[in-house]
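Read through the structure below, which is laid out as structure tokens, and then see the notes.
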Amino acid sequence: MLPPLNFRLRMMLLFCFVVGVLMAITCATVYSIFAKTIQAELDLDLVHAAKPTMADLSADPQKDDISELNLQDQMLLVFDQSGRLLNRSKNVDPGMNARIGPLPESRSVVFRSLDGPHGSVRAALIPFETDHRLLWFVIAQPTTEIQYSEWRFRDTLFGIWVLSLLLTAAIAAWYVGSALRPITDLTQRAAALTETISDPIQTGRLGSLPVTNPNDEVGQLANTFNALFDRVDAIVRQMRQFVSDASHELRTPLSVLRGETHYLIEQERSPQEYQSTLRIIEGELAALTRIVEGLFTLSMADAGQLRLSVEPLYLDEVLEEACGIAAPGARRKNIRIERLGWREAPFAGDQALLRQLFLILLENAIKYSPPATTIHVGIEIFETRLRVTVRDQGIGIAAEHLPHIFERFYRAAPDPNEESRSGGLGLAIAQAIIRAHHGTIECTSKVGEGSAFSLWFPAESTTPSAERVHTLA
Ligand code: ADP
């Protein structure tokens, strides 16, 4: 099997094939028109040349000039109606008679091409009357010259055909090559960029491909690549940031654990000291577990593997449950949780995940609010959507932080309550859960006045279905 041809060669072959076929058809047509035209001219010449001799014969049938004639390029014969040869010029060879064949039935001029020992000839069979008799005058002329002209013309056409093919191949090679050059450049630049991606030491930007003309196909391809590179760049950076943040978050509880364990085993301690240190260890382990579980949930969500156990439920009930769980924490800070526009809100979703989602928002609201404030929790039902709102009178979030608060480990403000550390994953998990339910999360906030988190759920999900797996974008 032949190896696959490259694009340039394939295009060259295609161009040559198309031009070759078109030129062949054109040359064949021109050649056949040329051949027909010169034959028609020869036929006309024969008839013209026959006229004077035929006029003589008609005037005086007894006159026998023909047998005296020995023209170099014209042979003359006279037949009677039955096909008997009456007369012929000297240069007519004996076999000519037979080669002419039977006389035509009709009384019109007939032309025939005859092959002979000295090459082919063209003959005109012309009927004429003399003495009330129908005779046939045959005038023939060798076609050697015509054939020679035809061959010359055919050779010229063939030469033109070959030349046009060579020219087409050269133009195609040049044109396809220059058309592909930007793509070759792109490929080389993209390959160079791939090297930088796979280079673990390289931490800078991926760079971008040159865009010579943004309106042509190559420019659009380069733009698409650049958008892709930007996206990959952002993801790579995000991943690096994530790994460094995750290790940082894990390092803190781990170093506390190491310190406390060292403190315990360093020397004999009192039972009270054992108890208080173990309580610290338990707290740190709980924080570690929360972070690891959060990371697991997010990695499942990233892989589209977050399994939802969807069931028919009422969002107001799940929210009520979450408020109940959050209530002791709120009470400790003298914070009131007030329900607004409480409505029955049927929905199909994963109860445990939805409870976790509401708890994240409620616990954040408590965490970032000063004591003796109020948290308003509301449910609204629109035609196609449901909205759950958690509004607090807390510290608020500055505008420059708002676009980032759903990123992993992002913190707009230091955690005011070290014990309830969620590791900066709370809102990222909340976003993953709402997306798994085909909803969205929004936040509006003003520093010093408070924040409002809105959860939008699609109303069509109120028709519950059996357990299913939701894929996250
Ligand atoms: P964590 O609360 O563990 O830091 P989150 O992902 O839950 O992580 O929140 C990310 C950041 O968003 C928080 O660090 C905080 O700065 C800000 N934030 C979240 N909720 C609120 C809120 N209700 N009021 C003010 N800031 C908030």
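Derivation of every value follows stated rules applied to the coordinates shown; laboratory data play no part. Everything numeric here is computed off the predicted structure, so don't read it as measured data. No Cβ is skipped: glycine too gets one built from the backbone with ideal geometry, and neighbour counts run over all protein chains shown.
In segment 332-393, which GluC sites (Glu not before Pro) are in a loop and have at most 14 other Cβ atoms within 10 Å, using DSSP for the loop call?
In loop regions of segment 332-393 (DSSP not H, G, I, E or B), the sparsely surrounded GluC sites (Glu not before Pro) are Glu344, Glu383.
Is segment 317-362 best put as rounded, prolate or oblate by its Cα gyration tensor, with a ≥ b ≥ c the root eigenvalues, rounded for a/c under 1.5, and otherwise prolate when a/b is larger than b/c, oblate when not?
Oblate, because a/c is 1.5 or more while a/b does not exceed b/c.
Would you mind working out the magnitude of the charge dipole of segment 59-122 relative to its Cα centre, with +1 at each Lys and Arg C-beta and -1 at each Asp and Glu C-beta, to the nearest 20 Debye? If you can, show how the numbers build up before the last one.
Numbers: 8 positive and 9 negative charges, 39 e Å.
Computed charge dipole of segment 59-122: roughly 180 debye.
Relative to the Cα centre, what is the charge dipole magnitude of segment 191-343, using +1 at the beta carbon of each Lys and Arg, -1 at the beta carbon of each Asp and Glu, and rounding to the nearest 20 debye?
520 debye
Give the dimensionless ratio obtained when the Cα radius of gyration of the chain is divided by 2.2 N^0.38 Å. Spell out each step's value before the answer.
Working: Rg = 50.6 Å, N = 473, 2.2 N^0.38 = 22.8 Å.
Computed over Cα atoms of the chain, the ratio equals 2.21.
Would you list which lysines come within 27 Å of Lys333, measuring only between C-alpha atoms, while excluding same-chain residues fewer than 8 positions from it?
In chain and number order, the partners are Lys367, Lys446.
Quick query: amide H of Glu311 versus all other amide H atoms, modeled in the peptide plane; which residues come in under 5 Å with a sequence gap of 5 or more or a different chain?
Counting only residues 5 or more places away or on other chains, the set is Gly349, Asp350, Gln351.
Pairing the Cα long axis of helix 217-266 with the longest principal axis of the chain, what angle in degrees results, from 0 to 90 and rounded to the nearest 10?
30 degrees
Straight distance only, please: which lysines reach the Cα of Lys90 with their own Cα at less than 20 Å, same-chain residues fewer than 8 apart left out?
Lys51, Lys63
Taking H placed 1.01 Å from N in the peptide plane, check which residues at least 5 places from Arg339 or on another chain put their amide H under 5 Å from its amide H.
Val377
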